[in-house]
Every structure is written in structure tokens, then in C-alpha cells.
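Each remark here refers to the structure printed beneath this line.
The values are calculated or read from the model by the stated rules, or taken from the named source; none is laboratory data. Just so it is clear, the structure is predicted and the values come from calculations on it, not from any experiment. Because the Cβ atoms are built from the backbone with ideal geometry, glycine has one as well, and the counts that use them run over all protein chains shown.
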Amino acid sequence: MTVTITGLHFDLGVTSVLFGKTTTTNFTVVSPSKLAVVTPAVPGGQPATVDVQLNTPLGTSPLSPSDLYTYTSG
């Protein structure tokens with residue numbers, strides 16, 4: 001599934017996206033404020049809510065309650 005992540009300055013060098021403990025590099029910078037990310041497989045094959053963080057050359061984005069992604073079944 002492809003999801004859209006919105007924010008700022010994505011054009012400055014996102015290197016990967018973390019969904020919980022799973023890293024993906026399967027994304028496209030659509031604009032400086034939008035990423036299209038193909039979500040990695042559901043962890044453990046079960047519905048779960050995970051933190052989403054971005055990695056850049058400057059570090060990893062901080063955890064935030066607004067940066068959650070919920071995997072659902074079906």
C-alpha cells in the first residue's frame with residue numbers, strides 16, 4: 001500500500017522511512033512537503049500501530065503522537 005506523508009523540507013535528503021522497527025527506502029519525494037511511501041509488510045502479519053520516522057543526513061525525526069500508522073487486516 002502507498003501512503004502519503006506530509007511535512008517540510010523532504011527535498012533536503014530523506015534517506016529512509018521507519019515504520020516501527022522496519023526500514024524502507026521504497027519512497028518518492030513528490031514535493032518538498034510530500035512523500036509517497038510504499039509501506040513495508042505488516043509486522044508479524046497482525047494488525048498493529050507503529051511510529052513513523054524519517055531518516056535524513058541530519059538525523060531521525062522525533063517521535064510524535066501524530067506520526068502513527070495503523071496496519072489493519074484485509
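Taking the condition of being farther than 22 Å from T70 by Cβ and within 11 Å of the chain's Cα centre (by Cα), how many residues in region 32-42 meet it?
The total comes to 0.
How about region 28-74: which of its residues are under 17 Å from M1 (Cα atoms) and free of Cβ contacts under 8 Å to residues at least 12 places away in the same chain?
Correct list: T28, G44, G45, G74.
Which of the numbered conditions does G13 fail, given that it passes all the others? Conditions: (1) in contact with a Pro (Cβ under 6 Å, 6 or more places away or on another chain); (2) at pLDDT 95 or above.
That leaves (2) as the condition not met.
What residue, among those in region 51-74 that are out of contact with any His (no Cβ under 9 Å at 6 or more places or on another chain), within 12 Å of V17 (Cα to Cα) and β-branched (V, I, T), is surrounded by the fewest Cβ atoms within 10 Å (Cβ to Cβ)?
It comes out as T60.
Of the numbered conditions (1) without any contact (Cβ under 8 Å) to a residue 12 or more places away in the chain; (2) of a type outside the set (G, A, S); (3) surrounded by 11 or more Cβ atoms within 10 Å (Cβ to Cβ), L18 satisfies every one except a single condition; which is it?
For L18, the exception is condition (1).
What single numbered condition from (1) at pLDDT below 95; (2) within 14 Å of the chain's Cα centre (by Cα); (3) among the β-branched types (V, I, T) fails to hold for V29?
(1)
Please work out if T24 is in contact with a strand residue (DSSP E or B) (Cβ under 6 Å, 6 or more places away or on another chain) and exposed (fewer than 11 other Cβ atoms within 10 Å of the Cβ).
The answer is no for T24.
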